[in-house]
Amino acid sequence: MTIVTNLGFPRMGAKRELKQALEAFWQGDVPASALEETARELRHRHWELQRKAGAHVVPCNDFSFYDHVLDTAYLVDAIPDRYRHLADAEPIAGYFALARGTQGAGIDLHALEMTKWFDTNYHYIVPELHADQTFRLRTNKPVDEFLEAKSLGFDARPVLLGPVSFLLLSKTVDGSDRLLLLDRLLPVYVEILARLKEAGAEWVQIDEPCLVLDQDGDDYAAYRKAYAAFASADRPRILLATYFGGLDDNLALVNELPVDGLHVDLVRAPSQIDAVLDALPADRVISIGVVDGRNIWRTDLDQALAVTRKVLERVGKDRLWVAPSCSLLHVPVDASLEKTLSSDIHSWLSFARQKIEELRTVVDVSKGLVTACAALDVARAAVSARRASAKVHRPEVSARLAALAQKDTHRQSAYKVRRDGQQTRFALPFYPTTTIGSFPQTKEVREARSRLKSGSWSVTEYDDFIARETEQCVRFQEEIGLDVLVHGEFERNDMVEYFGEQLDGFVFTKHGWVQSYGSRCVKPPIIYGDVQRPAPMTVRWSAYAQSLTERPMKGMLTGPVTVLQWSFVRDDQPRSTTCRQLALALRDEVLDLEAAGIGIIQIDEPALREGLPLRRKDWANYLAWAVESFRITAAGVADDTQIHTHMCYSEFNDIIEAVAAMDADVISIETSRSRMELLDAFVRFQYPNEIGPGVYDIHSPRVPDIAEMVTLLEKASEVLRPEQLWVNPDCGLKTRGWDETRQALKALVESARILRERVAVAA
Ligand code: GLN
Ligand code: ZN
């Protein structure tokens, strides 16, 4: 029978109840039992919500206290030895030590590394393995949560991260091949499967999202081996779940695997349906992801219905399930909680709960259970209203985009010429010093913002406060002798929100939280319409800061790619179009800053790299429009205006050409933690413009000493010319305290002075 199923549900709770419970537990305010109670309540509430919304089968074991990859590592006992003692003595403390590190009597454990989950803004804990790794079943979580759901009367399908994706997402500390561990890992999976069967699970969902990536022969062999081992095991039926893209060249392999069902993402990759159906083995269930699990827009139900009917016709009702494209982990819980949005925009949204309702409508209508249905009418009206809305489509924005010309993406002169003009204008020494923009966001700064929000401070009171903070920050920078100053970004809550709030085409929700990592949630802005800048956004504070000093003041903007990447974006036009609109709006800001006398302008693009598509073949296209968008933002200024950009990562090797093509006069990047990677990139590729490899790791409260920074700069000098090098921290200082910041920046200025002296002596 055609049914609605779901691949995973957000864990945090609509009001972020899990976050509060976790943080209370971490602080020692509540016992583990209270945290577990909240977790149980949330699971129950979420199953109930999904069933009420129309799901026939709900997922279980999709819940996690921190992260599902960490849960999998814990489940199979892939715990590095240094945590083992704690994990054995106190399992929950051991679990959180892996996630967040822990310090105490005689214990000092770092957290495991964290990285992005595919191309989402969710971060997972990277399991740490080694060649002698052994596995065993350490917990019974999947079975326990299945039994919990069952005892509450839910038809639940346990979710497991598949063994091959688990290994591919892990790293080995000794450089050994992760996939060689498969033989040892599989028996543990076989055991879990047997236990699930025994507990009464009819189906299990095994996620292998790596099947939408470029996979090689070794990966193929691993999938073959794993699923062959499961085929002969005593187990529930297996739904192999793939998402975040199409199977493409991996489809033939997937068809070979002896599984009972296959889930495919038809939102990211709608065109794969024909190939998937053509090759679908005759007895296999197909689960079609027809509602977008990655975005917040109401589904075009007619489109979803058309696909569903087509599949229904081909495979028959007994082999078809309907589902979201991927787990709903990446969307907020319930759009009906939003009470402050305008009614039209509100009607265009669909969060986790609404998505399941949409799926139920699709299934009921496609089965002919209902012919005319109110939900369908409402959906159709909303979708067509959005298509036609004058709030969404602003002719002046499309006209401006259409008029973009070659010259709009090019500075007037080449870097070499610009450099001369900038030298004359700013007369900076060798190894100029600067910071990345933000200074400590202290308790007072955050309080000031909430006072303004709650109305207990007037705008004037708030502005006076920001002015004082800014002035102190400028004075401090002058005092210690930094060369290029910043205003400190005290007026900014968040580097995307601050701009989104001032641009047309954005809305903000009250409860639109999605998990970023652990208890951390973000509330991404929603870009619903054509983007325009009604008025200058940053000129006031930058100009004010410049008025306080003779030294050059650097203006600060968040770049178009980063704004795009950290928002929920429109699905009715290509991402590249939205990005170019953002670029044009930000270009206006750049020009206004320039006109206000700001001669150095930094356009931050920390998210450029994370926007890379999952498949290599799609990289060039993305990089082309991403780089072009940056250039649209930057290129309008005069030769002697200096454009900076900033990125906070060091993996440059594979995108260095694109970074150079952005043609910023100066780029600052993260390197203090991983200088070797920087060296690699610049040995192979001669970076043409100026560059500030971060010498102070702002992610750590440690204050670096002068010698350490000098050593880093010496390292950088091996591959970069002295006249290319800037001296700066790795990233903004907003998470640091003033004490560390003062000490570290003084040392930083001193390290630059030492290097300058050496150059002078050598000359
Ligand atoms: N200018 C921003 C800051 O200093 C940059 C932040 C970032 O790179 N993430 O905070
Ligand atoms: Zn940064």
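The values are calculated or read from the model by the stated rules, or taken from the named source; none is laboratory data. Fair warning: this is a prediction, and the values are worked out from it, not measured in the lab. Cβ placement follows ideal geometry from the backbone for every residue including glycine, while neighbour counts extend to all protein chains displayed. To get the accessible areas, we keep the full protein, side chains included, count just its heavy atoms, and leave off ligands, DNA and RNA. Shrake-Rupley method; radii C 1.70, N 1.55, O 1.52, S 1.80 Å.
Between the residues Ser151, Thr577, Cys373, the greatest Cα displacement towards the positive end of the dipole of the chain, with unit charges on the Cβ of Lys, Arg, Asp and Glu, is found for Cys373.
Distance from the C-alpha centroid of segment 543-560 to that of segment 407-431: 18 Å, rounded to the whole angstrom. Shown here for segment 75-155: trypsin sites (Lys or Arg not before Pro) in loop regions (DSSP other than H, G, I, E, B) with at most 15 other Cβ atoms within 10 Å, namely Arg136.
For segment 625-763, the dipole from Cβ point charges (+1 on Lys and Arg, -1 on Asp and Glu) about the Cα centre works out to 420 debye, to the nearest 20. Relative to one another, the C-alpha centroids of segment 74-112 and segment 29-49 are positioned 23 Å apart. Approximating the spin labels as points 7 Å out from Cα along Cα→Cβ, the Glu461-to-His346 distance works out to 3.1 nm.
Suppose only helical runs count, i.e. DSSP H with n ≥ 4. What mean residue ellipticity at 222 nm does that imply for the chain under -39500 (n - 2.57) per run, divided by all residues and rounded to the nearest 500 deg cm²/dmol?
-13500 deg cm²/dmol
Placing Cys648, Cys60 in order of accessible area, with the largest value first and a 1.4 Å probe, yields Cys648, Cys60.
Between Glu718 and Glu396, the contour length at 0.36 nm per residue exceeds the Cα-Cα span by 110.9 nm. By accessible area, using a 1.4 Å probe on protein heavy atoms only, segment 18-88 has 50% of its surface on carbon and sulfur. Solvent exposure of the chain amounts to 38 Å² per residue of accessible area, where only protein heavy atoms count and the probe is 1.4 Å. By DSSP, the beta bridges lying fully in the chain are antiparallel in about 20 percent of cases. Heavy-atom surface analysis with a 1.4 Å probe gives segment 171-219 a carbon and sulfur content of 47 percent of its accessible area.
Which of the GluC sites (Glu not before Pro) found in segment 39-132 are loop residues per DSSP with 14 or fewer other Cβ atoms within 10 Å of their Cβ?
Glu113
Backbone amide hydrogens, once placed in the peptide plane, bring Thr558 within less than 5 Å of Asp604, excluding anything fewer than 5 places away on its chain. Using all pairs of distinct alpha-carbon atoms, the Kirkwood hydrodynamic radius of segment 209-349 works out to 16.5 angstrom. The distance between label points at Ala105 and Lys510 comes to 4.7 nm (points 7 Å beyond Cα on the Cα→Cβ vector). Accessible area per residue (1.4 Å probe, heavy atoms of protein chains only) ranks Lys355, Lys617, Lys15 as Lys617, Lys15, Lys355, with the largest value leading. One way to sum up the overall shape of segment 217-283 is the equivalent ellipsoid from its Cα gyration tensor, whose semi-axes run 21, 14, 11 Å, largest first. Here each label is just a point 7 Å from Cα along the line to Cβ, and for Ala34 and Glu651 those points are 3.9 nm apart. Going by accessible surface with a 1.4 Å probe and the largest first, Lys734, Lys510, Lys523 read Lys510, Lys734, Lys523. Measuring r between the beta carbons of Val173 and Leu137 and using R0 = 25 Å, the FRET efficiency lands at 0.65.
A Förster radius of 41 Å combined with the Cβ-Cβ distance from Ala760 to Ser413 puts the calculated FRET efficiency at roughly 0.85.
Which of the GluC sites (Glu not before Pro) across segment 542-636 are loop residues per DSSP, with 10 or fewer other Cβ within 10 Å?
Here the GluC sites (Glu not before Pro) that fit, given the DSSP loop and packing criteria, are Glu550.
Could you pull out which residues in segment 244-276 have an amide N less than 13 Å from a spot 7 Å beyond the Cα of Cys373, following the Cα-Cβ vector? Flagged as within label range: none. Relative to the compact-globule estimate of 2.2 N^0.38 Å, the Cα radius of gyration of segment 24-171 comes out at 1.11. Once the Cβ-Cβ distance of Arg468 and Thr735 is raised to the sixth power relative to R0 = 25 Å, the FRET efficiency obtained is 0.70.
Rolling a 1.4 Å probe over the protein chains gives Leu137 an accessible area of about 30 Å². A Cβ-based charge dipole, computed about the Cα centre of the chain with Lys and Arg at +1 and Asp and Glu at -1, lands at about 1360 debye.
Considered as an equivalent ellipsoid built on the Cα gyration tensor, the chain has semi-axes of 46, 31, 26 Å, the largest given first. The distance from the alpha carbon centre of segment 448-476 to that of segment 200-278 is 55 Å, rounded to a whole number. With the gyration tensor restricted to C-alpha atoms of segment 135-181, the semi-axes of the equivalent ellipsoid amount to 31, 11, 6 Å, longest first. Extension gain for the segment Lys15 to Lys453, taken as residue separation times 0.36 nm less the Cα-Cα distance, is 155.7 nm to one decimal. Placing a label point 7 Å from the Cα of Ser576 along the Cα-to-Cβ direction, the residues of segment 618-655 whose backbone N falls under 18 Å from that point are 618-633.
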